[in-house]
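What follows is a short report on a single structure.
The values are calculated or read from the model by the stated rules, or taken from the named source; none is laboratory data. None of these values were measured; they are calculated from a predicted model. Note that each Cβ is placed from the backbone with ideal geometry, even for glycine, and that neighbours are counted across all protein chains shown. Heavy atoms of the whole protein, side chains included, go into the accessibility calculation; ligands, DNA and RNA do not. Shrake-Rupley method; radii C 1.70, N 1.55, O 1.52, S 1.80 Å.
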Amino acid sequence: MNNEKFVLIDGNSLMHRAFYALPQLTNSKGQHTNVIYGFINMLNKIIDELKPTHISIAFDRKAPTFRHKEYVEYKANRKKMPEEMAVQIPLLKEIIKVMNIAQVELDGFEADDIIGTISRHTDEMQLPTLIITGDRDAFQLISDNVHVLITKKGITDIVEYDDARLMEDYQIRPDQVIDMKGLMGDASDNIPGVPGVGEKTALELIKQYDKLEAVLSSIEGIKKNKLREKLEEYKEQAVLSKRLATIVRDVPIAEPLESFRVKEVDRQRLAELYKELEFRSLLEKLGTTGDSSEADIKVELNIKELTDKAELEELITGAKHEGKLVFKICKGETQLLDYIYFCTDKCQCFFNINDSTIPYIKQLMEAQDIKKLSHDIKQDVLFLTSLDIAVINIDFDTMLASYLLNPSQGSYSLKEIYYNYKGASIEDYTSKAGEPKELYCSSVLVIREVCEILREEISKLGMDELYYEVELPLVKILADMEHEGFRVDKKALELLSFEFGQQIEALTKGIYEYSGEEFNINSTKQLGVILFDKLGLPVVKKTKTGYSTDVEVLEALSDKHPIIEKLLEYRQLLKLKSTYVDGLIGIINPETGRIHSKLNQTVTATGRLSSTDPNLQNIPVKTQNGRLIRKVFIPSDDDHILVDADYSQIELRVLAHISDDPTMIDAFVNDQDIHTRTASEVFGVEIDKVTPIMRSRAKAVNFGIVYGISDFGLSRDLK
């Protein structure tokens, strides 16, 4: 048994950890993947770090267990597994099978019982065993040979428990865990225990009497009247609860321990599954592409630097003859480092952008008879606009096409696109900015190659009109908007900064008066001491590092002390000043006197535009101070005005039209507020009786339906 180690994994526990720790990931086919991705990453980490010689994963089955038969209410309060999670389980189990890891599940028993039985055998053989779970019930299985690794947060934070750590944290032995559960019950499993007995009381009783049976036989000697009465009344329930919490350790498992030995994975099949799920990082870790041939496709380069007038003129003639030009600009810190790269049917060429070459670039870019193709072409257009060069006849943008084909992908680098559509790896040309020539020549060749593939995919899905008549023309408009920028009244911003600063100072003094001392208001730790230790306010939430003082906590305490209102106002003003006032002042372009926000077409999964660096869509409007910030945005000059236009619930009008829903149509025809009407229908009240909170919830439902929200997502949003 030297150097041997057995790892037992609670599969259901790990699945739930992955599902709730990671966002709702999907691949390009809309397949949910967060459970699989999180689980496999965790599994790989376990294997890499713990290096087990034996490994097994235990799963629950849907069939009722002996516990359900003994106590009908067992786990009756458990929510139904979210559909987004359930649909991932078969494929997850398929991947585990391909990884050659033994899976054990048995009708009538839970994963805990399977783990308990296997760990009993390994304990008898003195084989070091680690149980990985999020369920503290497993503490009862701890021994000299068996330790429990509890997943505390997400899928990476793990704490190892042996006898000593269990005693340090809970002051009990492993065999006393079920006695504690018998007294306090377990809300997660709907084990009743003794009403009114919590963990603290249960631990005190176990510490005094050692076992549940001893507690129940000594009820008369317990001094606290209420506790004594509860124990007397619910003694049978306590015994039942202990029995329900006890892990069975004699499950009829047919597999011998040797069948759990770690084996080689089926690398080729595993790679195919990873590729199907679009797990790029896992594929790279596996070291294969998932194709029958693991060799990456090599891009054959024919690089040529153009240095004289004749070569530049030849490039223009050739582009006009071919009718198209694939290009990309590599921008450096100085103009001397800026190069423009082209791909023709013969070679990949490049030249430096300077005063002598700009006229040739202008001829190329402004030629109506040359179609322009690039990747993230807006950035190229924006740069060329600064050189007074227009880009005429934009024909294709690989990044924009890839986004339309899969708007939830998140990353649209050439590397990702080439991998997704060619199944091969290329060097990421953005990762080696110090040596761009070869990498950018690779990139323009790749753009040329994937353009036709993406063009076919766009047509296949009937998106030609959307792509060529809506999205592609928008590129030039957004580039012009970014170049133009937004004019702001800098003096007004500076005045707001001063006024907000004075208000913050006054609020700070008020907070100090209520607290009776000066302290760092922005320090969570110091604020927690003031609120909960000094002022004695009720603790709402704790974190690993102490008291939580987040906005939810402060709002929950708003009626407990006048300091809270000042703290909330202080935080709101501080954010407005730092992010939206001082922040905006800091990014005003000194040459143009404007703010040049980046307008993104390929960020939101819903197709809306987004604004970054800074986000001009997020400037507050609901508060008076927020509206003051919006007023600093002013027209270009006295001959212009700012116009604000908004569709009236356009998505819901489209939904009403498509669904032909009579209630929705009636609401719009009669000019009713659709969210108020929905709330009236859902909550069964007259329209004039709908409250703001009802309308807010109805709005979440309405837009949730439009954007494909799940029942889990909706319940989370509505809390």
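Annotations for the structure displayed:
- Cβ-Cβ contacts under 6 Å between residues 6 or more apart (or on different chains), taken from a first residue in the range 695-719 that is in contact (Cβ under 8 Å) with a residue 24 or more places away in the chain to a second residue that is surrounded by fewer than 17 Cβ atoms within 10 Å (Cβ to Cβ), are listed as VAL706/GLU651; TYR707/THR606.
- Considering residues of the range 171-187 that are touching a residue at least 24 places away in the same chain (Cβ under 8 Å) and open to solvent by 40 Å² or more (accessible area, probe 1.4 Å) only, the residue nearest to LEU231 (Cα to Cα): ALA187
- Subset of the range 582-598 (residues that are assigned to a loop (DSSP other than H, G, I, E, B), among the β-branched types (Val, Ile, Thr) and surrounded by 16 or more Cβ atoms within 10 Å (Cβ to Cβ)): ILE588
- Taken together, THR133, THR151, THR122 contain a single residue that is closer than 17 Å to GLU255 by Cα and among the hydroxyl-bearing types (Ser, Thr, Tyr), which is THR122.
- Listed by position, the helices (runs of 4 or more DSSP H) contained in the range 509-578 that have at least 2 residues being hydrophobic (A, V, I, L, M, F, W, C) and either open to solvent by less than 60 Å² (accessible area, probe 1.4 Å) or without any contact (Cβ under 8 Å) to a residue 12 or more places away in the chain (or both) are 551-556, 562-575.
- In the range 599-632, the residue that is farthest from the chain's Cα centre (by Cα) out of those that are of a type in the set (S, T, N, Q) and open to solvent by 60 Å² or more (accessible area, probe 1.4 Å) is GLN624.
- Unmet criterion (only one of (1) at pLDDT 90 or above; (2) open to solvent by less than 100 Å² (accessible area, probe 1.4 Å); (3) within 30 Å of PHE486 (Cα to Cα); (4) of a type in the set (A, V, I, L, M, F, W, C)) for VAL643: (2)
- Yes/no for ASP355 being over 43 Å from the mean Cα position of the chain (by Cα), surrounded by fewer than 22 Cβ atoms within 10 Å (Cβ to Cβ) and over 26 Å from SER413 (Cα atoms): yes
- Top-ranked residue of the range 688-716 - restricted to ones that are in a helix (DSSP H, G or I) and β-branched (Val, Ile, Thr), ranked as nearest to ILE658 (Cα to Cα): VAL706
- Residue within the range 669-687 that is assigned to a helix (DSSP H, G or I), in contact (Cβ under 8 Å) with a residue 12 or more places away in the chain, open to solvent by 40 Å² or more (accessible area, probe 1.4 Å) and charged (D, E, K, R) present: yes
- Selection status of GLN617, of a type in the set (S, T, N, Q), assigned to a helix (DSSP H, G or I) and at negative phi: yes
- Put simply, of LEU183, LEU244, LEU257, LEU203 the only residue that is in contact with a Phe, Trp or Tyr (Cβ under 9 Å, 6 or more places away or on another chain) and within 22 Å of ALA76 (Cβ to Cβ) is LEU244.
- Of the strands (runs of 3 or more DSSP E) contained entirely in the range 1-117, those carrying at least 1 residues that are closer than 30 Å to ARG716 by Cα and of a type outside the set (Val, Ile, Thr) fall at 6-10, 54-58.
- Residue that is farthest from VAL7 (Cα to Cα), among those in the range 242-259 that are crowded, with 18+ Cβ neighbours inside 10 Å and under 38 Å from the mean Cα position of the chain (by Cα): LEU244
- Scope the range 697-711; condition of a type outside the set (A, V, I, L, M) and either more than 17 Å from the chain's Cα centre (by Cα) or open to solvent by 40 Å² or more (accessible area, probe 1.4 Å) (or both); matching residues: ARG697, LYS699, ASN702, PHE703, GLY704, TYR707, GLY708, ASP711
- Filter result (among the polar types (S, T, N, Q) and either touching a Cys at 6+ places or on another chain (Cβ under 9 Å) or surrounded by 12 or more Cβ atoms within 10 Å (Cβ to Cβ) (or both)) within the range 76-90: GLN88
- Output for the range 273-291, where each listed residue is acidic (Asp, Glu) and crowded, with 18+ Cβ neighbours inside 10 Å: GLU278
- Subset of the range 448-473 (residues that are open to solvent by 60 Å² or more (accessible area, probe 1.4 Å) and either within 30 Å of the chain's Cα centre (by Cα) or among the β-branched types (Val, Ile, Thr) (or both)): LEU461, LEU466, VAL470
- Looking across ASP644, ASP639, one residue alone is farther than 30 Å from GLU499 by Cβ, of a type outside the set (Gly, Ala, Ser) and in a loop (DSSP other than H, G, I, E, B). It is ASP639.
- The lone criterion from (1) of a type in the set (Ser, Thr, Tyr); (2) farther than 22 Å from GLU70 by Cβ; (3) at pLDDT 85 or above; (4) crowded, with 17+ Cβ neighbours inside 10 Å left unmet by TYR234 is number (2).
- Residue, nearest to LEU478 (Cα to Cα), within the range 609-644, restricted to residues that are touching a residue at least 24 places away in the same chain (Cβ under 8 Å), of a type outside the set (Gly, Ala, Ser) and in contact with a strand residue (DSSP E or B) (Cβ under 8 Å, 6 or more places away or on another chain): LEU609
- Scope the range 489-508; condition open to solvent by less than 30 Å² (accessible area, probe 1.4 Å) and not hydrophobic (A, V, I, L, M, F, W, C); matching residues: SER497, GLY501, THR508
- Of the residues making up the range 87-139, just one is free of Cβ contacts under 8 Å to residues at least 24 places away in the same chain and touching a helix residue (DSSP H, G or I) at 6+ places or on another chain (Cβ under 9 Å), namely ASP123.
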